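Q: Take a look at the following structure, please.
The values are calculated or read from the model by the stated rules, or taken from the named source; none is laboratory data. The structure presented is a predicted model; accordingly, all values stated were derived computationally and were not measured. Here the Cβ positions follow ideal geometry from the backbone for every residue, glycine too, while neighbour counts run over all protein chains shown. Note: accessible area is taken over every heavy atom of the protein model, side chains too, but ligands, DNA and RNA are not part of it. Shrake-Rupley method; radii C 1.70, N 1.55, O 1.52, S 1.80 Å.
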Amino acid sequence: MKKLGLVGGISWASTLDYYRLLNEGINQELGGLNFAECIIYSVNFNYFQQFNADYDWNATFDLLFDAAQNLKKSGAEAIVLCANTAHIVADRMEELIGLPLIHITTATANAVNRKGLKKVGLLGTSYTMELDFYKDKLIEGGLEPLIPESSEDRDYIEDILRNELSRGIINPETKKKYLTIIQGLIDRGAEGIILGCTEIPLLIKQEDVSVPVFDTIKIHVDAAVEFAVSKQKIE
């Protein structure tokens, strides 16, 4: 089994799900008492948020690259950035770290394509929705991403991610508002919804939405599991 290096803490709440799902996935693939060989480096979320708020992507890179280097020194054979927004520095990191980086957006685009969909709504942090790093990867995968039209809606999504979901707070009124925003994307033609922040699946589930929902934590973990067990599964 290949050893995975997880850059977590962005946020700790979703990192818990990464760890649980990774172990469940490895066990499902290999059976018995097989579980993940992984190392977690949990960064201080406050630093990550401050650097992003200042659009200081060099500082964001330094924070995450330092974590990835420590994981590599500890024996990791691939890097998993446990957050969608963290992938703003993913291409640069992969060029320099000397290890495979399992990219969440590439895995998500592949999952959407397997469903035969093209136009998809994208929810995430303001950076994920408004900057090009995430949408461009989806477009490269042949998809048409839609984001909420209203800046107020995008700001609301960001505020909830920072002040509720990243702290593990689940609010029924928040869920209602998120579902209203999602319905607006569906009304504009979205055939599926990408939950493009690893905290959103804490709030929104497939049964809440009338079109396919793409849980990026689960999709990312599945790709990591596939890498970890490659050439080991018994045919």
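Q: What aspartates and glutamates does Lys2 reach when the alpha-carbon gap must be under 19 Å and sequence neighbours fewer than 8 apart in one chain are set aside?
A: Cross-link targets: Glu24, Glu29, Glu37, Glu77, Glu94, Asp222, Glu226, Glu235.
Q: Considering only protein heavy atoms, what per residue accessible area in square angstrom results for the chain with a 1.4 angstrom probe?
A: That works out to 46 Å² per residue.
Q: Longer than 23 Å from Cα to Cα, which of Lys73/Lys135; Lys3/Lys137; Lys73/Lys137; Lys3/Lys73; Lys115/Lys135 are they? Say none if no pair is.
A: Violating the 23 Å Cα-Cα cut-off are Lys73/Lys135; Lys3/Lys137; Lys73/Lys137.
Q: To continue, here is another question. Can you pull out the GluC sites (Glu not before Pro) in the stretch 1-100 that DSSP calls coil and that have at most 10 other Cβ atoms within 10 Å?
A: none
Q: To continue, here is another question. Quick one: 3J(HN,Hα) in Hz for the stretch 114-119, Karplus 6.51/-1.76/1.60 with θ = phi - 60°, rounded, Gly and Pro as x.
A: Whole-Hz 3J(HN,Hα) from phi for the stretch 114-119: 5, 7, x, 9, 10, 9.
Q: Can you work out the PRE-style zone for Ser42? Point 7 Å along Cα to Cβ, and I want the residues of the stretch 74-91 with backbone N under 13 Å.
A: Counting backbone N atoms under 13 Å from the label point, the list is empty.
Q: To continue, here is another question. Would you list, by chain and number, the lysines whose Cα falls below 23 Å from the Cα of Lys177, excluding same-chain residues fewer than 8 positions away?
A: Lys119, Lys205
Q: Per DSSP helix of 4 or more residues, -39500 (n - 2.57); summed, then divided by the residues of the chain. What does that give at 222 nm, rounded to the nearest 500?
A: -16000 deg cm²/dmol
Q: Summarise the accessible area of the stretch 1-123 (1.4 Å probe, protein heavy atoms) by the percent that is carbon and sulfur.
A: Heavy-atom surface of the stretch 1-123 belonging to carbon and sulfur, 1.4 Å probe: 47 percent.
Q: Can you give the direction-averaged projected area of the convex hull of the alpha-carbon atoms in the chain, in nm²?
A: 12.7 nm²
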